[in-house]
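All of the numbers you see were taken from the coordinates with simple rules; none came from a lab. Keep in mind that what you see is a predicted model, and the values were worked out from it rather than measured. Because the Cβ atoms are built from the backbone with ideal geometry, glycine has one as well, and the counts that use them run over all protein chains shown.
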Amino acid sequence: MRRALVLTAAALLLAACGAKPAPPPTPEQALALRPADARLSGLYETSCHACHAIPGTGAPLVHDRAAWDVRWKQGEATLLDHAIQGYNAMPATGQCATCTPADFQALIQFMAGREDSAK
Amino acid sequence: MISRRGALIAGGTGAAVVAGGGVAAYKVATGDKPEPPSPPSVDAQGKLLWRNWSGVQHAYPAARLAPKDEGELATALKVAQAPIRPVGAGHSFTALAPTNGTLISLDSISGVVGWEGDEAIVRTGTRLGALGPMLAEKGRALPNLPDINKQSLGGALGTATHGTGAKIQAMHGSVTGLRLVTPSGKVIDADASKNPEVFQAARVSLGSLGVITQVRIATSANRRLRRRVWLEPFEDAVAKAEERWAQHRNFEFYAVPFTGLAANISHDETDDPALPRGPDQDTEFLQALRGLRNLLGFATPLRKAAAHALLSTAKPETAVDEGWKLLSTERPVRFNEMEFHLPVENQLKALQEVVRTIEKERPDVFFPIEVRRIAPDDAWLSPFQGGPRGSVAVHAYYRDDFTFLYELIEPIFRRYDGRPHWGKLHTLNGGQLEAIYPRWKDFLAVRQELDPEGRMLNPYLKGLFGLSY
């Protein structure tokens, strides 16, 4: 019994180590995803959602880890700066006129699938 | 619209040069400019930057408000630090929104809140892209949409934003009533019979009379449209344009400078089954045009020959879907823009002169020039007041110099009696505008009555209206 548990744990550990990133959300899932916080969800819905929830706009899709990983490596400070200033196709402030830097940071963490970073 | 060959030209140009000298050499050799300089993200007092979509306007507002409802807005307006400026998605290129006082977003005052027959009561913070599916739930749609659908309804109406169609008015033409909260916190309902002067002034008012919180807007049946996109020689497009405006529900074309070509786009109602639009190809088309500029911008005949060989055999595109899914387009490539609305008899002459001028003077330009037609309405500051207008819009890549719009293009538009789009680049103000808007003084009188202290006016609007405070 103990041997079986050890083997199971080892298998799980191996699976975790070699885990492939989750597949990107389907278009329907991307459209439906929202931050858990109600206020943040409202900000997201009227700004980021217009591009980051719709495939083909050029923006990295919400919760698409493969698309966000390369950006996340640049560091949160860089992503925050891009959000405030605008960057390539990304318009300044993501067209959210009342978002604070903390809001942008939380929205980036949500879209990048890194809500845990907020803790 | 074009095959992968377009992207190959755009990418191949860069790759060849990068191999010889890195990114800096590429930028110098191809004409690609670096990112324009950015203002600080936070000013010396710790205030956060606000910038418009294209990046040419910015401000550090002292306060940013997002009232949750009309009552909260009315209370806030009474005490807000002037200049008070409502802002939507920041898609205006002119300095309508920047303020060092109070920036007000209506993002929390949004949605469809009721129906009166086929007229929807819509809160003006609603983004156009979100409004389509809301109306479609009732089987209805806005009669027309602009090229971009990221704007707030309030911002689009306030600047006389429009689509194309000889028989279809600009968006504000469908507004049959509105609610305005003045800077003193007074709530005014207005339509053609109740407070009619406020109604006619407020339908297109640049956010200068107060904050319009909701409108009653006529809708049409949510029909499927057939969208067709095809290329042809520019001269042919000009020759057939009038016939096509008469023939199609929506028709526009893009003159593509330095190619001898034009891209036509038509939309017509159909009962055919849906044939989705597919991935965006306009961006690839733009990349090809930029590549041609970079590679052959020094020799216009060569550039035209290459463009013709590359683009002229492109296959037409067709899509069938509900109108709100087709009439607007994703525009991930940012730009600056000047658009004037001309008497229809002058539109194509002005266009031809604009194309000739750009091809003679500005080989750095590669963006297509948009040509549309709009039906008349009677709002006092509507550019379409008094008769139909034909619009011509000239774009400059957001990294490129756009002063040629003022120096070379605006004089042409003015010579042909054009009126500027309120949200797009132009230099007109005061007496110049009074000369082309018969109800200019009437508008200013209503503005004076509603906001005697000019609390809604930033320096740009004071200049535009020719006012001194």
Based on other C-beta atoms within 10 Å, arrange B:His308, A:His49 from fewest to most.
-> B:His308, A:His49
Quick calc of log₁₀ I(q)/I(0), chain B, Debye, one scatterer on every Cα, no solvent, q values 0.06, 0.09, 0.12 1/Å, result -0.27, -0.61, -1.09
Calculate how steeply helix B:440-450 sits against the longest principal axis of the alpha-carbon atoms of chain B, using the helix alpha-carbon long axis, and give the answer as 0 to 90 degrees to the nearest 10.
-> 50 degrees
Any idea what the dipole of the range A:24-118 comes to, in debye rounded to 20, about its Cα centre with Lys/Arg Cβ at +1 and Asp/Glu Cβ at -1?
-> 100 debye
Just tell me how shielded A:83-90 is by partners: mean number of partner chain Cβ atoms within 10 Å of each residue's Cβ, no decimals.
-> 6
Any idea how far apart A:Glu115 and A:Gln29 come out in nm if each label point goes 7 Å out from Cα toward Cβ?
-> 1.4 nm
Restricting to Cα pairs under 8 Å and 6 or more apart, the percent relative contact order of the range A:24-118 works out to 29 percent
Is there a pair in B:Lys167/B:Lys194; B:Lys167/B:Lys424; B:Lys33/B:Lys360; B:Lys33/B:Lys315; B:Lys138/B:Lys194 whose C-alpha atoms are over 30 Å apart, and which pairs would that be?
-> B:Lys33/B:Lys315
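Taking every residue in B:330-339, how many Cβ atoms of other protein chains lie within 10 Å of its Cβ, on average? Mind dumping the intermediate values first?
Numbers: counts 8, 3, 9, 3, 6, 0, 0, 0, 0, 0.
Mean inter-chain Cβ contacts per residue within 10 Å come to 3.
Evaluate peptide A:47-60: per residue, the Cβ atoms of other protein chains within 10 Å of its Cβ; return the mean as an integer. Working shown, then result.
On the way: counts 5, 0, 3, 8, 4, 0, 0, 2, 1, 7, 4, 6, 2, 0.
Per residue, the number of nearby Cβ atoms from other chains is 3 on average.
Starting from the Cα gyration tensor of the range A:24-118, take the square roots of the eigenvalues, sort them a ≥ b ≥ c, and report rounded, prolate or oblate (rounded when a/c is under 1.5, otherwise prolate if a/b is larger than b/c, else oblate). Could you put the intermediate results ahead of the total?
Numbers: a/c = 1.23, a/b = 1.11, b/c = 1.11.
Rounded is the answer for the range A:24-118, as its axis ratio a/c remains below 1.5.
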Could you work out how far the C-alpha centroid of the range B:386-444 sits from that of the range B:228-275, in angstrom?
-> 25 Å
Can you work out ³J(HN,Hα) from phi for every residue in the range B:407-413, in order, using Karplus 6.51 cos²θ - 1.76 cosθ + 1.60 and θ = phi - 60°, giving whole Hz and x for Gly and Pro?
-> 7, 10, 8, 4, x, 5, 4
Inter-part distance where the range A:35-51 and the range B:62-87 are each reduced to a Cα centre, Å | 21 Å
A correct Karplus calculation of ³J(HN,Hα) over the range B:38-44, with 6.51 cos²θ - 1.76 cosθ + 1.60, θ = phi - 60°, whole Hz and x for Gly and Pro, returns 9, x, x, 5, 9, 8, 4
If you find the alpha carbon centre of the range A:63-119 and of the range B:357-371, how far apart are they in angstrom?
-> 35 Å
Separation between the B:Asp280 and B:Ala299 pseudo-spin-labels, each 7 Å from Cα along Cα→Cβ, expressed in nm?
-> 3.4 nm
Find the relative contact order for chain B and round it to a whole percent, using C-alpha pairs within less than 8 Å whose residues are 6+ positions apart.
-> 18 percent
If amide H atoms are built 1.01 Å from N in the plane of the peptide, which residues on other chains or at least 5 residues away come under 5 Å of the amide H of B:Ile212?
-> B:Val181
Taking B:Phe253, B:Phe443 and counting other beta carbon atoms within 10 angstrom, the fewest-first order is B:Phe443, B:Phe253
Once both labels are modelled 7 Å past Cα along the beta-carbon direction, what's the A:Glu76-B:Glu243 spacing in nm?
-> 6.3 nm
Compute the acute angle (0 to 90°) between the alpha-carbon long axis of helix B:300-311 and the principal axis of greatest extent of the alpha-carbon atoms of chain B; round to the nearest 10°.
-> 80 degrees
Find which of B:Val79, B:Pro67, B:Leu103 sits farthest along the positive direction of the dipole of the range B:50-103, computed with +1 on the beta-carbon of Lys and Arg, -1 on that of Asp and Glu, about the Cα centre.
-> B:Leu103
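Might you report the magnitude of the Cβ-based charge dipole of chain B about its Cα centre, with Lys and Arg at +1 and Asp and Glu at -1, to the nearest 20 debye? Can you show the working numbers first?
On the way: 55 positive and 52 negative charges, 126 e Å.
Charge dipole, chain B, about its Cα centre: 600 debye, nearest 20.
Starting from the Cα gyration tensor of the range B:224-420, take the square roots of the eigenvalues, sort them a ≥ b ≥ c, and report rounded, prolate or oblate (rounded when a/c is under 1.5, otherwise prolate if a/b is larger than b/c, else oblate). Let's see the in-between values first.
Working: a/c = 1.69, a/b = 1.08, b/c = 1.57.
Taking the square roots of the gyration eigenvalues as a ≥ b ≥ c, the range B:224-420 is oblate.
If packing is taken as the average count of other Cβ atoms within 10 Å, what order do B:258-264, B:128-134 fall into, highest mean first? Walk me through the numbers on the way to the answer.
Details: B:258-264: 22.7, B:128-134: 19.7.
Descending mean neighbour count gives B:258-264, B:128-134.
Pull out the extension gain between B:Asp442 and B:Val113, defined as 0.36 nm times the separation in residues minus the alpha carbon to alpha carbon distance; nm, one decimal. If you can, show how the numbers build up before the last one.
Numbers: separation 329, 0.36 × 329 = 118.44 nm, distance 3.18 nm.
Here the segment from B:Asp442 to B:Val113 would lengthen by 115.3 nm.
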Under unit Cβ charges (Lys, Arg +1; Asp, Glu -1), what dipole magnitude, rounded to 20 debye, does the protein assembly as shown have relative to its Cα centre?
-> 980 debye
Listed by chain and number, the aspartates and glutamates with an alpha carbon less than 12 angstrom from that of B:Lys68, same-chain partners under 8 positions apart left out, are B:Asp107
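Using R₀ = 30 Å, calculate the FRET efficiency as 1/(1 + (r/R₀)^6) where r is the Cβ-Cβ separation of B:Asp69 and A:Thr57; round to 0.05.
Working: r = 31 Å, r/R0 = 1.03.
In this case the efficiency is close to 0.45.
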Which angle from 0 to 90°, rounded to the nearest 10, does the C-alpha axis of helix B:282-296 make with the longest principal axis of chain B?
-> 50 degrees
Assertion target for B:Arg290, B:Arg203, ordered by fewest C-beta neighbours within 10 angstrom first, is B:Arg290, B:Arg203
